[in-house]
Amino acid sequence: MCSHATTRLPLGPYDRVFVLTGAGISAESGLATFRGSDGLWEGERVQDVATPRGWKRDPERVWRFYSLRRSAALAAQPNAAHTALAELEERLGDRFFLCTQNVDDLHERAGSANLVHMHGELFQSCCDSCTRASFRDEQLYLTKSDHALCDCGGRIRPDIVWFGEVPYHMERIFEELARCTVMLVIGTSGVVQPAASFVHWANEHHPQREAVRTYYVGPEHPANAAAFHKIFDGRASEVLPALLAAD
Ligand code: APR
């Protein structure tokens, strides 16, 4: 079922909300989506910039790509959709959980706190060889001479989960999925696993699956659209403030 969000999302005092966001929520902040017509991958092949093999083959190309994304994210501001989610969290406290596939920090900058970045974070770097902890890093690595080495001799790489790597925080994500009563998915094409399957998991394996309501917000239907109870057509920054408005 589709509708425009002139209505408010019905939330009772015992509801727990699990939110999953994708690149679409940051689109109106000026950050390109991956698979849209102005998608990021258009200039670069996924396998060149978002796989461990691409990193081994050409770290300079990979760092240039993520450095450009760092500059774009530094210049961007959270939009009304990020703010609406942060305000919802303020009202619901720990009955709100946000899982984002995005690597930008716009949710935090809007005020969200109970969140995990399942695909890593743009402003974190780590070593490609040892277990040194990931660290905050806003530097741009535009040429090879900018590149940094770890004390162990390994290369410093972006702390991003690439294709073929295991997403972060999966245990926590499934704990939160198992106790939510409302699942709200925003701005993701529904093709990248495992996030694309969370809605199927909620429908089929949730301990109280009959009680879970699943919603999608975005201007196009995602590949997994049929799994949602309701779809709110429209841009996140236009739909969410009304949908999540306080009583
Ligand atoms: N509001 C809401 N949704 C929007 C908006 C908007 N203003 N603009 C675009 N969208 C939607 C598009 O319709 C599309 O379905 O956002 C979605 C973006 O899809 P993708 O570009 O595929 O991004 P995402 O689903 O987040 O990608 C998942 O793929 O490459 C990996 O790791 C990367 O986290 C990323 C993952």
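The values are calculated or read from the model by the stated rules, or taken from the named source; none is laboratory data. If you're wondering where the values come from, they're calculated on a predicted model, not measured in any experiment. Here the Cβ is made from the backbone with ideal geometry for all residues, glycine too, and neighbour counts use every protein chain on show. Just so you know, the surface numbers come from the protein's heavy atoms only, side chains and all, with ligands and any DNA or RNA stripped out. Shrake-Rupley method; radii C 1.70, N 1.55, O 1.52, S 1.80 Å.
Can you report the number of residues in the range 108-159 which are closer than 16 Å to residue 74 by Cβ and among the hydrophobic types (A, V, I, L, M, F, W, C)? Final tally of qualifying residues: 5. Restricting 186, 160, 231 to those that are of a type in the set (A, V, I, L, M, F, W, C) and in contact with a Ser or Thr (Cβ under 7 Å, 6 or more places away or on another chain) reduces the list to 186. Filtered by the rule that a residue be among the hydroxyl-bearing types (Ser, Thr, Tyr) and either open to solvent by less than 40 Å² (accessible area, probe 1.4 Å) or modelled with pLDDT of 95 or more (or both), the range 19-51 gives 21, 26, 29, 33, 51.
Candidates in the range 199-213 are the residues that are surrounded by 13 or more Cβ atoms within 10 Å (Cβ to Cβ) and more than 16 Å from the ligand (Cβ to nearest atom); of these, the one that is modelled with the lowest pLDDT is 206.
Taking the criterion of being away from the ligand (no atom under 13 Å from the Cβ) and open to solvent by less than 40 Å² (accessible area, probe 1.4 Å), the residues of the range 166-198 that qualify are 173, 176, 177, 178, 180, 181, 182, 183. Inspection of the range 197-213 finds a residue satisfying the criterion of being assigned to a strand (DSSP E or B) and not acidic (Asp, Glu). Screening residue 232 with (1) more than 15 Å from residue 9 (Cα to Cα); (2) not in a loop (DSSP other than H, G, I, E, B) gives one miss only, at (1).
Looking across the range 64-95, not a single residue is of a type in the set (S, T, N, Q), in contact with a Ser or Thr (Cβ under 9 Å, 6 or more places away or on another chain) and away from the ligand (no atom under 16 Å from the Cβ). Residue count for the range 98-146 satisfying the condition of being open to solvent by 60 Å² or more (accessible area, probe 1.4 Å) and aromatic (Phe, Trp, Tyr): 0. Within the range 147-164, the set of residues being surrounded by 13 or more Cβ atoms within 10 Å (Cβ to Cβ), under 14 Å from residue 62 (Cβ atoms), of a type outside the set (Val, Ile, Thr) and in contact (Cβ under 8 Å) with a residue 24 or more places away in the chain comprises 147, 155, 157, 158, 159, 162. Out of 116, 103, 46, one residue alone is touching a Cys at 6+ places or on another chain (Cβ under 6 Å) and within 14 Å of the ligand (Cβ to nearest atom). It is 116. Note on the range 76-89: residues that are farther than 20 Å from residue 183 by Cβ and open to solvent by 50 Å² or more (accessible area, probe 1.4 Å) total 2.
For (1) more than 19 Å from residue 26 (Cβ to Cβ); (2) not aliphatic (A, V, I, L, M), each residue gets a yes or a no:
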residue: 170; (1), (2): yes, no
residue: 175; (1), (2): yes, yes
residue: 181; (1), (2): yes, yes
residue: 185; (1), (2): no, no
residue: 189; (1), (2): no, yes
residue: 193; (1), (2): yes, yes
residue: 202; (1), (2): yes, no
